[in-house]
Every structure is written in structure tokens, then in C-alpha cells.
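Accompanying notes for the structure given below.
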Amino acid sequence: MAGEILVSGRFLLKERLGRGSMAEVFRAVDLAGGREVAVKIAADPSPKHRERIANEAGILAGLDHPSVISFIAEGTVPPRGPLSGRPYIVEELAFGPSLADVSRGPLRSPHDVAGWAGALYDSLGYLHGKGVVHRDIKPGNLMLSGLRRSPVRIVDFGIAAAAGAAPEPGMSSGTVHYMSPEQASGGTAQPAWDVYALGLVLLELLTGARAYTGTAVESLVARTLRSPVIPAGLGPGWGALLRAVTAMSSAERPSAGEAAVMARKLAGSPVR
């Protein structure tokens, strides 16, 4: 618990919402207007963490899409207390659960999943058009928003990078169970990585199980040998979308925008 800590002169930290190896996320109240926000605070004040937070803030500040979490402010936690000196980002708070939470519950309807898929692929198309690759699309980084302008949000741009960026020494690049075959083998960041990863997330939501099980190594090896199994019971529309976005060759995958069109057809939404 952060206690009575005020950042940016207006955001009062409340309870911690989550903790990872690189950062902690707190709910906070904006004293200027009363709305709730999320404050992501680096795990420590080291130069490495400062650089990562600054990179994430720079990327988020340049984005404006209803399915991408909104940037509000950045700074450093004031002196005194256990969080003193750590860099932070203030972001929009997504009010719903993550798709990781959803995946652990009862299966949601294919119509619901198609709606999420359309919004998420549309937002990935927007990111890729800005030259940004998220590199860590997974259920835990996709949040139901509870807001009308978009049912879902992409969060956590901590390892996002410019398309074509080379891997950084000692820096994690994605989550093993959702990496594309080529992301797992290294190389420069490509939009097709995000397209593939979201395909595995959708398949997990529709079936209740990860496409590639086992240890991290077993999972990585399996996807270099075969495409994920797409159950016939999902129907021809879902089969076509999931086979396309999880093609083993990145050259055979549709763009995120093309995948968004396919998903909207499944959801019965207007195709833009």
C-alpha cells in the first residue's frame, strides 16, 4: 500500500492493483476532478527503469485510439517513503477485468469474442500505422473497459518498440506462450508478431485452453513445428480468421487492419 502519496500534484495513490518485475500499478484519484486513474510506478529508480518508463510514456503520449489506454502524465515520485525517486506514468484506468481473468471463467460467446477481436485488431492496425509494435500482446495486457467508446483496451507498453527495432541486450521481448515463431527466434520487431499473438489469445478465449501447452521451451518448440489446432466446431468464419492470423510464416498473415475486417464480419458489425 502506497499510503498518502500525491504525484504530479494532483493524483492521490490508493491501493496497489498489480505488481510485476518491472513496475507496480496503483489506483489513484485525480483530486482535480475526482476521476480514478492508474499510476504505473517503476520497480526502482535505476537508469534502466527510468529509460523504460520514459520510452513507454513517449509512445503512449503519441497515441489516441479508443482501444488503447490513454496517457495522462509522467513524473517522479516525490522524496520520502518507499516509492521515493521512482519514475511513473499516469494512465486512464480500465475498469473491467483483464482477458486473463475472463479466460479463467466460463467461456464467453463467440459473438462477444468477435467484438473484442474487431476492436483489438483495429487498435493494432492503428499502432502499426504509427510505426509501433506492442511486442507483448497477451490476455493480461488486454482489459475490458466498461466504457461505451470501446469494450476493450490494450495496456502495458513497457516493451513496445518501433517497427524494425533490434532486440535490446538483456531485455525481455514478449511472453513465451503468445510469441510468434519468428519473435521467439529474435530479430527486428514486426507488426506480424502482434497479429499472431492476438490470434493465440482469441483461440484461448474460444476454447478455454492455451494453443501450446507445456513448459516455455516445449511451447516454443511446438509452434516452430506446427500451426495451432483450430477446432472445427468454431465454424468456418472463425477457422478462416484464426488460421490466417496464426500462419507460421509472417508473410502469409493478414495485416491487423485486414484481420479487423474479418473479425467485424464475425461480430456482425459494420465493416469500415
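The values are calculated or read from the model by the stated rules, or taken from the named source; none is laboratory data. None of these values were measured; they are calculated from a predicted model. FYI the Cβ positions are ideal-geometry reconstructions off the backbone, even for glycines, and counts take in every protein chain you see.
Any residue in region 162-177 that is touching a strand residue (DSSP E or B) at 6+ places or on another chain (Cβ under 7 Å), in a loop (DSSP other than H, G, I, E, B) and not polar (S, T, N, Q)? Yes, because at least one residue in region 162-177 is touching a strand residue (DSSP E or B) at 6+ places or on another chain (Cβ under 7 Å), in a loop (DSSP other than H, G, I, E, B) and not polar (S, T, N, Q). Part of a loop (DSSP other than H, G, I, E, B) and touching a residue at least 12 places away in the same chain (Cβ under 8 Å): does that describe residue 227? Answer is yes for this residue.
Is region 55-65 home to any residue that is in a strand (DSSP E or B) and not small (Gly, Ala, Ser)? Scanning region 55-65 turns up no residue that is in a strand (DSSP E or B) and not small (Gly, Ala, Ser). Every test in (1) buried (at least 17 other Cβ atoms within 10 Å of the Cβ); (2) under 21 Å from the mean Cα position of the chain (by Cα); (3) among the aliphatic types (A, V, I, L, M) is passed by residue 216 save one, and that test is (1).
So which residues in region 171-195 are of a type in the set (Gly, Ala, Ser), touching a helix residue (DSSP H, G or I) at 6+ places or on another chain (Cβ under 9 Å) and at pLDDT below 85, if there are any at all?
173, 174, 184, 185
Scanning region 179-193 finds one or more residues that are part of a helix (DSSP H, G or I), in contact with a strand residue (DSSP E or B) (Cβ under 7 Å, 6 or more places away or on another chain) and outside the structural domain of residue 58 (by TED's automatic domain parsing).
Can residue 104 be described as surrounded by fewer than 18 Cβ atoms within 10 Å (Cβ to Cβ) and more than 21 Å from residue 14 (Cα to Cα)? Yes.
Given the conditions (1) touching an Asp or Glu at 6+ places or on another chain (Cβ under 9 Å); (2) farther than 14 Å from residue 156 by Cα; (3) outside the structural domain of residue 48 (by TED's automatic domain parsing), which single one is not true for residue 124? The number of the failed condition is (2).
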